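Report on the structure given below.
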Amino acid sequence: MHEPAARAVTGNVIYNYFSHPCGYRVHLDLHGDRTRRDAPGPAGRYLMERGNRHEAAVFAGIRARDPEDWRAIEADPTLDREADIARRIEATLDAMREGVRFIFHGFLTTLPGEVVESRPGGEERESPLVFRGETDLLVRVEEPSAAFGAWSYQVGDVKSSRRARFAQKMQVAFYSWILERRQGVLPREGFVVTGEGRRERFELEECIWTLRHFLEEEIHEYARAEDVFYQIEPACGQCHWRSHCAARAADDDDLSLVPGMRRADKRTLLAAGIPSRGVLREQDDATLRALGRSFGRKLDGFRDLKQRASAQDFGRALVRQAPPAEPGARRPRTPDLFHHRGPLLLVASVPDFYDGQEAVVATALLRREGRRLEGSAGEDRLTFLRQDPDCERLHLFGQFLQHKDEIDRLLARRRERALPVFLDRRAAWRMRRNAESARHAQVLQRAERLVSDAVVLPEVVERHLYLPRAPQCALDLAAAVAAGPPPAGGVFAEGPLEAFLGAEEATAIRARIDALAADYGLDAEALRGPDEDLRAIWVKEWRAGGDEAWARLLEFELGREIAAGRSVLERLLEWVK
């Protein structure tokens, strides 16, 4: 007999885990109360519907090219879920035995005794878990198999991303691993049909051993343990169990709620008998210093985490006292935001969420006037550089760096070297990655110059302030440090869309948002709020159709971020003497 459906491991479990590894999420997917899962937000629902439309278009194209040799294994809403799944499994096997070339939405499952659990010491035993899932595509290939004779099948998945990601490949590998048990041979390849309609193939050897280790060992640990280690992190915002975990963390007064608390820090504190924020705050400084040093941390040890927890109690940022320098220690030769007297080059960007590159980059050149920041030459200077929607995989930061005259002007205006300030941790990371991949020697030199001289605002703030929440970008920081409203006037005004674009253009953009909401069945009001998650929608719409309105909306979002970064910088310059 199969285990209950709630214990079935599906392709979604595999995809979610390899997108963001979290054993607790796996445990909840297998044992959690599904009624407590969060419904997708506006961006999630939009992207799911776009994916469904893309899949339907891919299937329509296949049917048009080969109208006689395909079969869809559709769900029957009149049947009980488990009975319908059993029917679809048999229908899929029948289609494979007949040698149907394309099978849409085929269902695969393991049988009792086919899944083993590896135990310490090399011991194996039959697993109580069932592995099953719905494939997007099963495609016949002319390679022999024990079950079907002269042919066998490969697995394909349809995704709206512009290139296959690791988690998507692992999902295909998971279905292929099950398929091997049904046809007697593991396919040599799998493929992902990308958002541009390309069939991106890959050898299963690339990921099958990683998958096997997870299926035979790790997943059983997560499924069996009643109290799997969990950690609240920024990536949790995309998880459908986020409210469940937030409620549990609040009930537990969990250590991971402390900004900057890493997994290793939490494990160390738990091992030392410090299970919660309350207990952490009760520890004396000497104990926390000694504990931190014993685990490789220096100076304050875990005292900084105690102060962050205190900042949460106060609900505001606390100025961090610099720890005493160690004897003989040298001051690191890194860019110094507080002693730099030249202009500051603020850099913000919105990524193309499906390609890992930038969709729009915004820069603002500001000059320090004491503790105030003013636009260069008395004017607010805000420059946007956009990705070309018709150019495939354009490295926008690379394009940014190729503008030699502009960069040199910004970095060496009037013989004063500008200090680049990235307003987002992730943007800085992407910049560094693109700098490493630059091929042109001059571009590489310019990239090294820019990256080595740059500072990342969230990192600078965390070195000087204890924050009540973990920041990722300037907008997060503005709330965390209570920076107040951004300076009024010019392009740095945060006000309504009309203040940035003008009444006519703002009205036209709102009309497009309303039409988009109606098209995808979304709440138009939810799409009008300032939410970073919505940027994925604007980028996708712009990339898909090249509509100028969405690009302007992205520029408005970056204008808000530049304004927030300016406010945070001024507050930081005021606090840190």
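The values are calculated or read from the model by the stated rules, or taken from the named source; none is laboratory data. None of the values given here were measured: they were computed from a predicted structure. Because the Cβ atoms are built from the backbone with ideal geometry, glycine has one as well, and the counts that use them run over all protein chains shown. Quick note on the areas: whole protein, heavy atoms, side chains included, nothing else; ligands and nucleic acids left out. Shrake-Rupley method; radii C 1.70, N 1.55, O 1.52, S 1.80 Å.
Along its principal axes, region 186-326 has C-alpha extents of 59, 37, 32 angstrom, given from the largest down. In order along region 102-110, the phi-based Karplus estimate (6.51 cos²θ - 1.76 cosθ + 1.60, θ = phi - 60°) of 3J(HN,Hα) comes to 10, 10, 8, 6, x, 10, 10, 8, 8 Hz; Gly and Pro are listed as x.
Global size of region 507-574: 14.3, 48 Å for Rg and Dmax (C-alpha atoms, Rg to one decimal, Dmax whole).
When +1 charges are put on Lys and Arg Cβ atoms and -1 charges on Asp and Glu Cβ atoms, the dipole computed for region 38-87 relative to its Cα centre reaches about 280 debye.
Per-residue extension of 0.36 nm, minus the Cα-Cα distance of Glu98 and Glu203, leaves a gain of 35.2 nm for this segment.
In units of the compact-protein estimate 2.2 N^0.38 Å, region 188-232 shows a Cα radius of gyration of 1.71. Evaluated at q = 0.13, 0.21, 0.26 Å⁻¹, a Debye calculation over the C-alpha positions of region 128-202 (equal weights, vacuum) places log10 I(q)/I(0) at -0.38, -0.88, -1.17. Rolling a 1.4 Å probe over the protein heavy atoms leaves Asp519 with an accessible area of roughly 90 Å².
Jot down the per residue volume, in cubic angstrom and as a whole number, of the convex hull over the alpha-carbon atoms of region 242-323.
Per residue, the Cα convex hull of region 242-323 comes to 97 Å³.
In order along region 149-154, the phi-based Karplus estimate (6.51 cos²θ - 1.76 cosθ + 1.60, θ = phi - 60°) of 3J(HN,Hα) comes to x, 7, 10, 8, 10, 10 Hz; Gly and Pro are listed as x. Please label the shape of region 1-119 as rounded, prolate or oblate, based on the square roots a ≥ b ≥ c of the eigenvalues of the alpha-carbon gyration tensor (a/c under 1.5 means rounded; beyond that, a/b larger than b/c means prolate, else oblate). Taking the square roots of the gyration eigenvalues as a ≥ b ≥ c, region 1-119 is oblate. Once the Cα-Cα distance is subtracted from the 0.36 nm per residue extended length, the Glu504 to Phe338 segment shows a gain of 55.6 nm.
If R0 is 25 Å, what FRET efficiency do you get for Leu270 and Ala250 from their C-beta distance, rounded to 0.05?
Numbers: r = 18 Å, r/R0 = 0.71.
Efficiency at R0 = 25 Å is approximately 0.90.
Residues whose amide H falls under 5 Å from that of Leu344, counting only those 5 or more places apart or on a different chain, are Leu366, Arg367, Arg368, Leu419, with hydrogens built in the peptide plane.
In plain terms, the chain from Ala75 to Glu217 could stretch by 47.9 nm, reckoned as 0.36 nm per residue minus the Cα-Cα distance.
Considered as an equivalent ellipsoid built on the Cα gyration tensor, region 85-152 has semi-axes of 28, 15, 10 Å, the largest given first.
Each label was represented as a point 7 Å from its Cα along the Cα-to-Cβ direction; for Ala39 and Arg163 these points are 3.7 nm apart. Using R0 = 60 Å, the C-beta based FRET efficiency linking Arg63 and Asp284 works out to 0.25. Using a 7 Å offset from the Cα along the Cα-to-Cβ direction at both Arg469 and Leu573, what is the distance between the two label points in nm, to one decimal? According to this spin-label approximation, the distance is 2.6 nm.
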